[in-house]
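> Here it is, the structure, as structure tokens.
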Amino acid sequence: MCGGGDRVAEVPEVEIIVRDIRQAVVGRRILEAEVLAPAAVRFPSPPDFIEELKGRRVTAAYRRAKFILLPLDDGMTLAIHFMLWGDLKLVPRGSERPPATLVVFALEGDEELQLTDTLGYARVAVGRTSELSARLKLEELGPEALDEGFTPEVLARQLRRRKSPLKTVLLNQRVLAGLGNRDADESLWQAGLDPRRLASSLTAEEVARLHRGIRVVLEEGLSLRGSQRDLFGVQGQAKHRRNVFGRTGAPCPRCATPVSHLRIGGRNTHWCGTCQPEQGAPEAPAQSSLL
């Protein structure tokens, strides 16, 4: 299980788990569920949660923002959210359970899924698909940054009337679904944009740079299979602390200026004062940390 604050689950990490579930879990039945931490079940009650899942087949797996959504064969959907440090692992049934285990799903085929979280914040829920979507407010989420339909024009429309700092707006799930604190900082660095800029102040060219930066960051994370362990316990190769995130005072990889830090909207924010000037600057080419 991943532990510590340097392995936060963001979109690449959640997407990798979803892809693994499609490969190894879809088509199998949940024989039973065991709730070790009742607070982990958002709804219904833990006994009803267990009863609703018993004998249900997982028919698909997809992601909405940072929710893992598993439709079942009876019109219900199981939702899992890692919050900050949650983790999901597929292991032989009866395997040792870490102290931070919250919920266990026993699968046909003598394996089980263990949901763990050292903070205890990860959550699960099950319900009729439409009801679950309404209660989790999934329909209020913004466009997905990894979708083919997410274009610079879509991003421009989402930012156009936002009079808040870029960093705050990018973390607003109704504006852009699932972009987390780390990947927002890294995307802004890729685009050469100061996180304190008003979202509505961006030019068309700056929006295009931001769009490209977001895709570079997310696609790099996916190509390296995230920074956490995957469903099978294999460690991803992406670096959690990349170019600026969590690197206060360290030299910027592009220009060697010490990385700045500030809390914006209550979130730790990191950027380079030279590469990301407050008043805007000529285009800074996207630079992957793979280089």
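The values are calculated or read from the model by the stated rules, or taken from the named source; none is laboratory data. Keep in mind that this is a model prediction, so the values were computed, not measured. When we count neighbours, we look across all protein chains shown, and the Cβ atoms used for this are built from the backbone with ideal geometry, even at glycine. Surface areas here come from the heavy atoms of the whole protein model, side chains and all, with no ligands, DNA or RNA. Shrake-Rupley method; radii C 1.70, N 1.55, O 1.52, S 1.80 Å.
> So what are the three principal axis dimensions of the stretch 45-87 from its Cα atoms, in whole Å, longest to shortest?
Taking the Cα atoms of the stretch 45-87, the three principal extents are 29, 23, 13 Å.
> If you only keep lysine pairs separated by 8 or more in sequence, or across chains, how many in the chain come under 28 Å at the Cα atoms?
Pairs that pass both the separation and distance tests number 13.
> Additional query: Please report the Cα spread of the stretch 40-112 along all three principal axes, rounded to whole Å, starting with the longest.
Answer, in whole Å and largest first: 32, 29, 24 Å.
> Something else now. Rg and Dmax in Å for the stretch 11-140, alpha carbons only: what are they?
Over the stretch 11-140's Cα set, Rg and Dmax evaluate to 13.2, 39 Å.
> Based on the Kirkwood radius over alpha-carbon pairs, what value in µm²/s does the Stokes-Einstein equation return for the translational diffusion coefficient of the stretch 152-272 at 4 °C and 1.567 mPa s?
Rounded to a whole number, D works out at 88 µm²/s.
> State in Å² the accessible area per residue of the stretch 152-272; use a 1.4 Å probe, count heavy atoms of protein chains only, and round to the nearest integer.
40
> Sticking with this structure for a sec: Which helices, taking whole DSSP H runs in the chain, have alpha carbons extending 15 angstrom or more along the helix axis plus mean Kyte-Doolittle at least -0.5?
Helices meeting the criterion: 11-24, 204-223.
> Tell me which of 143, 41, 91 sits at the most positive position along the dipole axis of the stretch 1-155, charges placed on C-beta atoms (Lys, Arg +1; Asp, Glu -1).
41
> Bin width 10 Å, origin at 0, all Cα-Cα pairs of the stretch 172-239: what percent of pairs per bin?
Calculated over all Cα pairs of the stretch 172-239, the distribution is 19, 47, 24, 9, 1 percent.
> Determine the share of the stretch 152-272's accessible area contributed by carbon and sulfur atoms, expressed in whole percent, with a 1.4 angstrom probe.
Its accessible area is 52 percent carbon and sulfur atoms.
> Run through all the Cα pairs of the stretch 144-195 and give the fraction in each 10 Å bin from 0, expressed as whole percent.
24, 63, 13
> Just to confirm my numbers, what's the Cα centroid distance between the stretch 81-157 and the stretch 165-232 in Å?
Here the answer is 21 Å between Cα centres.
> Determine Rg/Rh for the chain; Rg is computed over alpha-carbon atoms and Rh is the Kirkwood hydrodynamic estimate from the same atoms.
So for the chain, dividing Rg by the Kirkwood Rh gives 1.00.
> Can you compute the helix-only [θ] at 222 nm over the chain? Use -39500 (n - 2.57) per DSSP H run of at least 4 residues, normalise by all residues, nearest 500 deg cm²/dmol.
About -7500 deg cm²/dmol.
> Give me the 1.4 Å probe accessible area per residue for the stretch 11-140, excluding ligands and nucleic acids, in Å².
For the stretch 11-140, the solvent-accessible area averages 42 Å² per residue.
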